[in-house]
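Okay, structure first, notes after.
Bear in mind these aren't lab numbers, they're just calculated from the coordinates by the rules spelled out. The structure displayed is predicted, hence computed values, not measured ones. Heads up, the Cβs are rebuilt from the backbone with ideal geometry, glycines too, and the neighbour counts pull from every protein chain shown.
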Amino acid sequence: MTSTSRAQSADSGTSATQSPYEMTVDLNIIHHLGINLYSNMAAVLTEAVANAWDADAGRVDIKVDPDKKWISIEDDGVGMSVHDINEKYLRVGYRRRQTPSNGAVTASGRRVMGRKGLGKLSLFSIADVIDIQSAKDGDCHGLRMTVRGIRESLDGRDGAYHPRPLTPQDVTVSEGTRILLKKIKRTRLQQGVKALRRRLARRFSIIGEAHGFQVTIDDEAITLADREDLSLVQFLWTLGDYSAPPSAMAHIREHESLPAAAPDVCSDWKVRGWLGTARKPKDLDSREAGNLNGIVVLARGRLFQENILDRVNDGRLYTKYLTGQIEAEFLDRDNEPDIATSDRQRIQEDDPRYVALLSCVRSSLSRVESRWTEWRRKHAVKRAKTTHPVLEKWLDGLQQGHRRSAERMIAKLGALPMDDGDDRKLLYRHGILAFERMKLRGSADEFVGNLEDTDGLLQLLAGRDALEAALYRDIVLSRLEAVRAFQGLVDKDVVERVLQKYLFDHLWLLDAAWERATGSELIESRLREHGVIVDDLTAKEKLSRVDIAYRTNAGKHIIVELKRAQRLPKLLELQKQGSGYVDKLKKILRSQGEKAPNIEVVFVLGRAIPELKEDPARAKHQLEAISPGSRITYYDALIKGAEMAYSEYLEAGKRVDQIQEIVDRI
């Protein structure tokens, strides 16, 4: 045999007489890909409904026995002959899209949903007995399959399973196909009929009159309203050419259109659909539909991925309010490999199409987050001021920066789950008093950022009231003294000496919100072990060197890198140094169980580097490449900021009476 003929033999196979080898497929595949593959009732019914769509059915009727003993799925599609059942339905792995006689488009022009030929096996995961009846061209027939029969065939090593034919008296269909699931595994049917309707509605975008495809459960049609998600949305973003139904738009407070693809995504890989945020996270916790806090991905009108939001790895607050639906047809094209797993619950995440989809979603969510923050504050504050007009007087008396933080606080307090109006008033009163105290301490932003729930807030206020009453005067006096010392050391020649003296004990001198965090000393020692905090300077430079400071703040890890005041480093040098810090710190934090650490690097310089003036956009991009939020600041600016922040202590007494008056009037 020549090398060419050997290659041909390897590619195309040889006959049994030519080769001593034989490849077989064991019936155990049914055991693994059917009986044990699915555990979700809605996922199983999704496969049955998809098969009905592929059969050109106009209607699918699902009925559930009140005692949960059986489930019936009946459609009015083209039906199957005995030959069809043997060659298509009972043939595991039948790939319809690649079959010339059927192809990827049905007789009525529908794009076929089925791909692997495995979905029908999912029925075995919820039922031990399956009766199938079908009618085609006047021929009506049926068969019964049982898990027990399949297992006996496996044990006997027959190599084939022969379902028992139904008697003519048992065959009742005159058109289409009827599947009867019996001996239901009750652990798989924990949801009620209403829950199944909700979950199926969320798994398809082709159900309804517009697509000529009606699905009913116990004679009640599944509609768009059964999805529930759009009805809960307060702010809406539409993608591509998606247009929300007018009935859904009636309660939308804000709406914006987003591009159909991210800038770096192939122009032919576009999406359509919508993203929305609810008014409160608990609104998305539906007993029937399940947790709606996620973004489903569909292709060809059916579910492709349960929740792509889980893969975005974005832990910011707005994601707790998020729901949505994205249709990405490019994920399931006929001429490209299938990237869905056998149970269609997971995706091959390294596929370029999925990477492109993630890029598009992340790009859209960046816009969503910024708009959500803006819109939420706008509407929450407006509602609060309408209910309590005195709040407007308090807000008007704040400086612009503090006002934005105060509006964020009101927005968060307004969103907390609370039915009693008097409780809400009490919350606003305590919130204003706490904000004013935190503002004087320079911690107003941190305070607002940590308002998560009612119980946590009340515990925070109750715990601090008594303590601050005793320590407040000492805190004010000590910080005013430090600020006054700072005022006498503005000259650049002495800036480093001041920083060396105060940095690790008085981080707030650099930023009013910075404090030494518990546990940061341990990680600093680990950073030294990993070579992040190094001392590679000359003897003279060592005398004036201040190593980096590490701290945590509200879930964020901050590295502060100080440069000598007269030194003018290159931006590329800072980027390389900062990236090294971040890589090492991520390694340490991940070893301690923190999966997605939020790290920020702050460089403190004495002079502005030329690259910032020459190309600000490029410089910003280089800093963001280190880690989101990384930035450069300057000694003079920090000193002036400290002076301005703590000058409010001097005026604090004058505002006490004004604040008390406002609180009393709420």
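Couple of notes before you dig in:
- For 78, 44, the sequence from fewest to most other C-beta atoms within 10 Å is 78, 44.
- What the phi angles of the range 394-411 give under the Karplus curve with 6.51, -1.76 and 1.60, with θ = phi - 60°, is a coupling list of 5, 4, 5, x, 9, 5, 4, x, 5, 5, 4, 5, 5, 5, 4, 4, 4, 4 Hz, glycine and proline written as x.
- Size descriptor, Kirkwood hydrodynamic radius, that averages inverse alpha-carbon separations across the range 213-280, Å: 13.8
- Cβ crowding within 10 Å averaged over residues, with 52-60, 571-579 ranked highest first: 52-60, 571-579
- The phi-based Karplus calculation (6.51 cos²θ - 1.76 cosθ + 1.60; θ = phi - 60°) puts the 3J(HN,Hα) values of the range 604-611 at 10, 10, x, 9, 6, 7, x, 4 Hz, whole numbers, x for Gly and Pro.
- A simple rule links phi to the HN-Hα coupling: the Karplus curve 6.51 cos²θ - 1.76 cosθ + 1.60 with θ = phi - 60°, which for the range 277-283 gives 10, 7, 6, 9, x, 5, 4 Hz, with x for Gly and Pro.
- Listing 140, 266 from fewest to most neighbouring C-beta atoms within 10 Å gives 266, 140.
- Each eigenvalue of the Cα gyration tensor of the range 148-258, multiplied by 5 and square-rooted, gives one semi-axis; in descending order these are 43, 18, 15 Å.
- When the C-alpha to C-alpha distance is required to be over 27 Å, the pairs from 194/382; 63/136; 280/587; 280/382 that qualify are 194/382; 280/587.
- Sequence-distant residues sharing a close amide H with residue 600 (under 5 Å, placed H): 557, 558, 559
- Once backbone amide H atoms are built at 1.01 Å from N, residue 208 has 213, 214, 215 as its partners under 5 Å, excluding neighbours fewer than 5 places away on the same chain.
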